[in-house]
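First the structure, in the form of structure tokens, and then the observations on it.
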Amino acid sequence: MLLSQHSDLHGTTSPTFDPARGATIIGMPDERPYARELGDFLRSRRSRLRPQDVGLEPGGRRKVPGLRREELALLAGLSTDYYQRMEQGRDVRPSDDILDALAGALNLDEEERGHLFTLAHAARRSPAGRRHSAPERVPPSTRHLLQTMGTPALVIGRHLDVLAWNPLAAALLGDPNNIPVAQRNLLLALFLDPEARLRCANWEGFAVQYIGMLRAAVADDPMHPRATAIVGELSIRSAEFRRLWARHDVRSSIHGTKTFRHPEVGEITLTWDTYALPGGPGPMLLVYTAAPGSADAERIQLLASLHATRTQKAGDGRPSHAMAREVDGRGPR
């Protein structure tokens, strides 16, 4: 299933793991992770542009793909030295006007432009002003809401941790109660569950979407301990993750369509939407729905019936009391 048990997290590695680049650094932790994340993002987008894309002559043979630094600096109206310092993650604090110019020169879309500004604004703050966000909590009212919903739904944290869920979500994705708290994460399950590729139609599409969501979520705090643990574990254990993480894709991904290959009811294509919970940035309600009267809606009903039958046979007679709660009132630390 999408949420099946796999081997335990090893935690953050030593020597220091750098989640921004997906690499292990020998020596002391990087003191400029925010500026370097900004530089890596700029470099990744520059490498995707061809001279002809921006009205330049291709020129002679190029050693690396994409525009040269001096070409991009020219397009953005910057000195080559200033732009190079940005890519190197040195202590530069570009103004919003400079960021606008770079976004235009790089042909960034709206999501990428927003990501650029978030990274730059994070890099401007002094180290003393940086604080990791508090543990994520799911309000009791939201847990009650999950229990009343007749469609798969769960609450995910900003790092894609599964914080709460209802019985249908457990039937569709696998029961998180069978997994240690630190492993209840959509991205970890997708890459480390040996059956996940079989259960997901368009597995790489899922992976790109989840990675993009994590990139967008942690832009303001790329060195958050939970982000470091997740990215570090996956970078060590999955070459595919390292490849996709290095692309620096970003997705807000508030809605979409996904196809699941369920072992009991077959393929189910569902629309999914996310809704922010009250109280500002943090956990989101993720809801899967099917068009009324569709074959997919019938499969969801069949899934619910199978789950109810198993519950009754187990001698419980009611939905699992743990399926819509959080452990210790918060997600993984």
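Per the conditions (1) touching a His at 6+ places or on another chain (Cβ under 6 Å); (2) open to solvent by 20 Å² or more (accessible area, probe 1.4 Å), the sole criterion not satisfied by residue 195 is (1). Of all positions in segment 19-42, none carries a residue that is modelled with pLDDT of 55 or more, hydroxyl-bearing (Ser, Thr, Tyr) and surrounded by fewer than 21 Cβ atoms within 10 Å (Cβ to Cβ). Checking the stated criteria, residue 231 turns out not to satisfy the condition of being part of a loop (DSSP other than H, G, I, E, B), modelled with pLDDT of 90 or more and either at negative phi or among the β-branched types (Val, Ile, Thr) (or both).
Of all residues in segment 254-280, those satisfying the criterion of being open to solvent by less than 10 Å² (accessible area, probe 1.4 Å) and either touching a helix residue (DSSP H, G or I) at 6+ places or on another chain (Cβ under 9 Å) or assigned to a loop (DSSP other than H, G, I, E, B) (or both) are 258, 260, 268, 270. Residues that are open to solvent by less than 50 Å² (accessible area, probe 1.4 Å) and hydroxyl-bearing (Ser, Thr, Tyr) are absent from segment 62-82. Please indicate, with yes or no, whether at least one residue in segment 216-227 is within 14 Å of the chain's Cα centre (by Cα), more than 21 Å from residue 43 (Cα to Cα), among the basic types (Lys, Arg) and outside any loop (DSSP other than H, G, I, E, B). Yes, the conditions are met somewhere in segment 216-227. In segment 120-179, which residues are of a type in the set (Asp, Glu) and modelled with pLDDT under 90? Of everything in segment 120-179, those that are of a type in the set (Asp, Glu) and modelled with pLDDT under 90 turn out to be 136, 175. Annotation: of all residues in segment 281-291 being in a strand (DSSP E or B) and among the aliphatic types (A, V, I, L, M), the one that is farthest from the chain's Cα centre (by Cα) is 287. In the set 189, 170, 153, 207, only one residue is closer than 21 Å to residue 278 by Cα, open to solvent by less than 20 Å² (accessible area, probe 1.4 Å) and touching a helix residue (DSSP H, G or I) at 6+ places or on another chain (Cβ under 8 Å); that residue is 153. As an exercise: evaluate residue 64 against (1) within 28 Å of the chain's Cα centre (by Cα); (2) over 15 Å from residue 104 (Cα atoms); (3) not acidic (Asp, Glu) and give the number of the one condition it does not meet. In the conditions (1) within 28 Å of the chain's Cα centre (by Cα); (2) over 15 Å from residue 104 (Cα atoms); (3) not acidic (Asp, Glu), residue 64 misses (1) alone.
The values are calculated or read from the model by the stated rules, or taken from the named source; none is laboratory data. Quantities reported herein were computed from a predicted structural model and do not represent experimental measurements. Cβ atoms come from the backbone with ideal geometry, glycine included; neighbour counts cover every protein chain shown. Please note that ligands, DNA and RNA were not included when accessible areas were found on the heavy atoms of the full protein model with its side chains. Shrake-Rupley method; radii C 1.70, N 1.55, O 1.52, S 1.80 Å.
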